[in-house]
Amino acid sequence: MKIKISLFCVCLCFVSTITHADTIRDANRLLRVTNLGNQFDLMALDQTRKIIRTYSSIVNMSVALSLPQTIKNLIAACYEEVYAWDQFEPGIVQILAENLSQKELHLLIDFYSNRGLPPMEINTFKNTVSKANEIERISLEYIFEHSDSCVERDAELIGEFLTQQALIESENTQRPNSFDFDE
(Lines give C-alpha, C1' and ligand atoms only; values in the text may rest on other atoms or scores of the structure.)
Protein backbone atom coordinates (compact mmCIF):
# COMPACT_ATOMS: atom_id res chain seq x y z
CA MET A 1 0.00 0.00 0.00
CA LYS A 2 2.85 2.43 0.87
CA ILE A 3 4.46 1.75 -2.51
CA LYS A 4 1.22 2.63 -4.32
CA ILE A 5 0.85 5.87 -2.36
CA SER A 6 4.50 6.80 -2.96
CA LEU A 7 4.18 5.98 -6.65
CA PHE A 8 0.99 8.07 -6.81
CA CYS A 9 2.77 11.04 -5.14
CA VAL A 10 5.70 10.79 -7.56
CA CYS A 11 3.33 10.65 -10.53
CA LEU A 12 1.35 13.61 -9.18
CA CYS A 13 4.55 15.67 -8.75
CA PHE A 14 5.68 14.70 -12.26
CA VAL A 15 2.33 15.71 -13.79
CA SER A 16 2.38 18.96 -11.80
CA THR A 17 5.88 19.76 -13.08
CA ILE A 18 4.86 19.03 -16.67
CA THR A 19 1.73 21.18 -16.30
CA HIS A 20 3.78 24.04 -14.83
CA ALA A 21 6.30 23.75 -17.67
CA ASP A 22 3.45 23.86 -20.18
CA THR A 23 2.02 26.93 -18.47
CA ILE A 24 5.43 28.64 -18.55
CA ARG A 25 5.79 27.75 -22.24
CA ASP A 26 2.32 29.18 -22.96
CA ALA A 27 3.05 32.34 -20.97
CA ASN A 28 6.22 32.83 -23.05
CA ARG A 29 4.21 32.28 -26.20
CA LEU A 30 1.65 34.85 -25.07
CA LEU A 31 4.42 37.40 -24.60
CA ARG A 32 5.67 36.69 -28.12
CA VAL A 33 2.28 37.00 -29.83
CA THR A 34 1.45 40.20 -27.95
CA ASN A 35 4.90 41.63 -28.74
CA LEU A 36 5.09 42.82 -25.15
CA GLY A 37 8.89 42.92 -25.09
CA ASN A 38 9.07 45.41 -27.95
CA GLN A 39 6.27 47.47 -26.45
CA PHE A 40 8.10 47.54 -23.12
CA ASP A 41 11.33 48.64 -24.81
CA LEU A 42 9.51 51.41 -26.69
CA MET A 43 7.81 52.65 -23.51
CA ALA A 44 11.15 52.61 -21.64
CA LEU A 45 12.80 54.57 -24.47
CA ASP A 46 9.97 57.10 -24.51
CA GLN A 47 10.19 57.48 -20.72
CA THR A 48 13.96 57.94 -20.95
CA ARG A 49 13.52 60.71 -23.54
CA LYS A 50 11.02 62.45 -21.26
CA ILE A 51 13.40 62.20 -18.29
CA ILE A 52 16.28 63.65 -20.31
CA ARG A 53 14.04 66.43 -21.63
CA THR A 54 13.01 67.24 -18.06
CA TYR A 55 16.63 67.32 -16.86
CA SER A 56 17.60 69.51 -19.82
CA SER A 57 14.73 71.88 -19.14
CA ILE A 58 15.57 72.18 -15.43
CA VAL A 59 19.23 72.90 -16.16
CA ASN A 60 18.34 75.39 -18.88
CA MET A 61 15.80 77.24 -16.74
CA SER A 62 18.01 77.20 -13.63
CA VAL A 63 21.40 78.18 -15.03
CA ALA A 64 20.78 78.92 -18.71
CA LEU A 65 22.94 76.03 -19.90
CA SER A 66 22.26 73.16 -22.26
CA LEU A 67 23.15 69.64 -21.24
CA PRO A 68 25.80 68.28 -23.59
CA GLN A 69 24.90 65.29 -25.73
CA THR A 70 27.57 63.19 -23.98
CA ILE A 71 25.74 63.53 -20.66
CA LYS A 72 22.40 62.82 -22.31
CA ASN A 73 23.92 59.68 -23.85
CA LEU A 74 25.29 58.52 -20.48
CA ILE A 75 21.89 59.05 -18.86
CA ALA A 76 20.14 57.16 -21.68
CA ALA A 77 22.63 54.28 -21.41
CA CYS A 78 21.84 53.83 -17.73
CA TYR A 79 18.10 53.59 -18.37
CA GLU A 80 18.66 51.27 -21.32
CA GLU A 81 20.63 48.92 -19.10
CA VAL A 82 18.42 49.13 -16.00
CA TYR A 83 15.16 48.73 -17.90
CA ALA A 84 16.20 46.12 -20.46
CA TRP A 85 13.25 43.80 -21.13
CA ASP A 86 15.32 40.63 -20.81
CA GLN A 87 15.84 41.41 -17.12
CA PHE A 88 12.10 41.38 -16.46
CA GLU A 89 10.78 38.83 -18.95
CA PRO A 90 11.30 35.71 -16.78
CA GLY A 91 9.49 37.33 -13.86
CA ILE A 92 6.61 38.51 -16.04
CA VAL A 93 6.31 35.00 -17.50
CA GLN A 94 6.11 33.62 -13.96
CA ILE A 95 3.44 36.18 -13.01
CA LEU A 96 1.35 35.21 -16.03
CA ALA A 97 1.78 31.50 -15.27
CA GLU A 98 0.73 32.01 -11.65
CA ASN A 99 -2.30 34.18 -12.43
CA LEU A 100 -3.72 32.61 -15.58
CA SER A 101 -4.77 29.06 -16.22
CA GLN A 102 -3.58 27.22 -19.29
CA LYS A 103 -7.06 27.58 -20.76
CA GLU A 104 -6.92 31.35 -20.21
CA LEU A 105 -3.44 31.56 -21.72
CA HIS A 106 -4.64 29.62 -24.78
CA LEU A 107 -7.64 31.94 -25.17
CA LEU A 108 -5.39 34.98 -25.08
CA ILE A 109 -2.86 33.44 -27.46
CA ASP A 110 -5.65 32.61 -29.91
CA PHE A 111 -7.17 36.07 -29.54
CA TYR A 112 -3.87 37.86 -30.16
CA SER A 113 -3.08 35.49 -33.01
CA ASN A 114 -6.36 36.54 -34.71
CA ARG A 115 -7.82 33.06 -34.41
CA GLY A 116 -11.07 34.30 -33.00
CA LEU A 117 -12.95 33.33 -29.90
CA PRO A 118 -15.41 30.44 -29.64
CA PRO A 119 -18.82 31.74 -28.46
CA MET A 120 -18.88 29.24 -25.61
CA GLU A 121 -15.61 30.76 -24.27
CA ILE A 122 -16.78 34.39 -24.15
CA ASN A 123 -17.44 34.31 -20.39
CA THR A 124 -14.07 32.68 -19.74
CA PHE A 125 -12.47 35.37 -21.89
CA LYS A 126 -14.29 38.13 -19.98
CA ASN A 127 -13.11 36.63 -16.68
CA THR A 128 -9.58 36.43 -18.05
CA VAL A 129 -9.63 40.05 -19.15
CA SER A 130 -10.94 41.08 -15.73
CA LYS A 131 -7.64 39.83 -14.25
CA ALA A 132 -5.64 42.32 -16.32
CA ASN A 133 -5.53 45.12 -13.73
CA GLU A 134 -4.30 42.79 -11.00
CA ILE A 135 -1.68 41.22 -13.27
CA GLU A 136 -0.54 44.70 -14.32
CA ARG A 137 -0.27 45.78 -10.66
CA ILE A 138 1.76 42.68 -9.74
CA SER A 139 3.98 43.16 -12.81
CA LEU A 140 4.66 46.81 -11.99
CA GLU A 141 5.57 45.87 -8.42
CA TYR A 142 7.90 43.20 -9.80
CA ILE A 143 9.61 45.67 -12.14
CA PHE A 144 9.94 48.25 -9.36
CA GLU A 145 11.41 45.71 -6.93
CA HIS A 146 13.82 44.26 -9.51
CA SER A 147 15.21 47.43 -11.06
CA ASP A 148 17.90 49.82 -10.00
CA SER A 149 17.58 53.56 -10.16
CA CYS A 150 19.52 55.87 -12.41
CA VAL A 151 18.44 59.04 -10.60
CA GLU A 152 21.45 59.29 -8.25
CA ARG A 153 23.85 58.70 -11.14
CA ASP A 154 21.97 61.25 -13.27
CA ALA A 155 22.20 63.83 -10.49
CA GLU A 156 25.91 63.13 -10.10
CA LEU A 157 26.56 63.57 -13.84
CA ILE A 158 24.57 66.79 -14.00
CA GLY A 159 26.17 68.06 -10.80
CA GLU A 160 29.66 67.44 -12.18
CA PHE A 161 28.76 69.24 -15.39
CA LEU A 162 27.40 72.25 -13.48
CA THR A 163 30.48 72.35 -11.26
CA GLN A 164 32.76 72.32 -14.33
CA GLN A 165 30.73 75.10 -15.92
CA ALA A 166 30.90 77.16 -12.74
CA LEU A 167 34.70 76.73 -12.63
CA ILE A 168 35.02 77.79 -16.25
CA GLU A 169 32.82 80.81 -15.61
CA SER A 170 34.84 81.70 -12.52
CA GLU A 171 38.12 81.46 -14.45
CA ASN A 172 36.74 83.67 -17.21
CA THR A 173 35.68 86.41 -14.81
CA GLN A 174 38.98 86.39 -12.88
CA ARG A 175 41.20 86.56 -15.95
CA PRO A 176 42.40 90.07 -16.76
CA ASN A 177 41.23 91.34 -20.04
CA SER A 178 44.26 91.19 -22.34
CA PHE A 179 42.88 93.91 -24.53
CA ASP A 180 43.04 96.66 -21.90
CA PHE A 181 45.63 99.19 -22.99
CA ASP A 182 47.01 101.94 -20.84
CA GLU A 183 46.91 105.21 -22.57
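The values are calculated or read from the model by the stated rules, or taken from the named source; none is laboratory data. The structure presented is a predicted model; accordingly, all values stated were derived computationally and were not measured. Methodologically, a virtual Cβ is constructed for each residue, glycine included, from the backbone with ideal geometry; neighbour enumeration extends over all protein chains shown.
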Please specify each residue of segment 52-85 satisfying the condition of being under 25 Å from ARG137 (Cα atoms) and either hydrophobic (A, V, I, L, M, F, W, C) or in contact with a helix residue (DSSP H, G or I) (Cβ under 8 Å, 6 or more places away or on another chain) (or both).
CYS78, TYR79, GLU80, VAL82, TYR83, ALA84, TRP85
Subset of segment 47-61 (residues that are loosely packed, with under 11 Cβ neighbours inside 10 Å and touching a residue at least 40 places away in the same chain (Cβ under 8 Å))
none
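So how many residues does segment 113-130 have that are surrounded by fewer than 15 Cβ atoms within 10 Å (Cβ to Cβ) and within 26 Å of PHE88 (Cα to Cα)?
Qualifying residue count, segment 113-130: 4.
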I need every pair where a residue in segment 62-79 that is closer than 14 Å to ARG153 by Cβ has its Cβ under 9 Å from the Cβ of a residue that is of a type in the set (Lys, Arg) and surrounded by 11 or more Cβ atoms within 10 Å (Cβ to Cβ), sequence separation at least 6 or different chains.
LEU74/ARG153; ILE75/ARG153; ALA76/ARG49; CYS78/ARG153
For GLU152: the one exception among (1) in contact (Cβ under 8 Å) with a residue 12 or more places away in the chain; (2) over 30 Å from ASP26 (Cβ atoms); (3) of a type in the set (D, E, K, R)
(1)
Which one is modelled with the lowest pLDDT among residues in segment 145-176 that are more than 21 Å from ALA76 (Cβ to Cβ) and not in a helix (DSSP H, G or I)?
PRO176
So GLU141 passes all but one of these: (1) at pLDDT 95 or above; (2) closer than 14 Å to ALA27 by Cα. Which condition number does it fail?
(2)
Which residue, of ALA44, ALA21, is out of contact with any Cys (no Cβ under 9 Å at 6 or more places or on another chain), part of a helix (DSSP H, G or I) and surrounded by 14 or more Cβ atoms within 10 Å (Cβ to Cβ)?
ALA44
Just to be sure before I move on: is PHE179 more than 28 Å from ALA27 (Cα to Cα), modelled with pLDDT under 95, of a type in the set (Phe, Trp, Tyr) and over 22 Å from the mean Cα position of the chain (by Cα) in the structure I sent?
yes
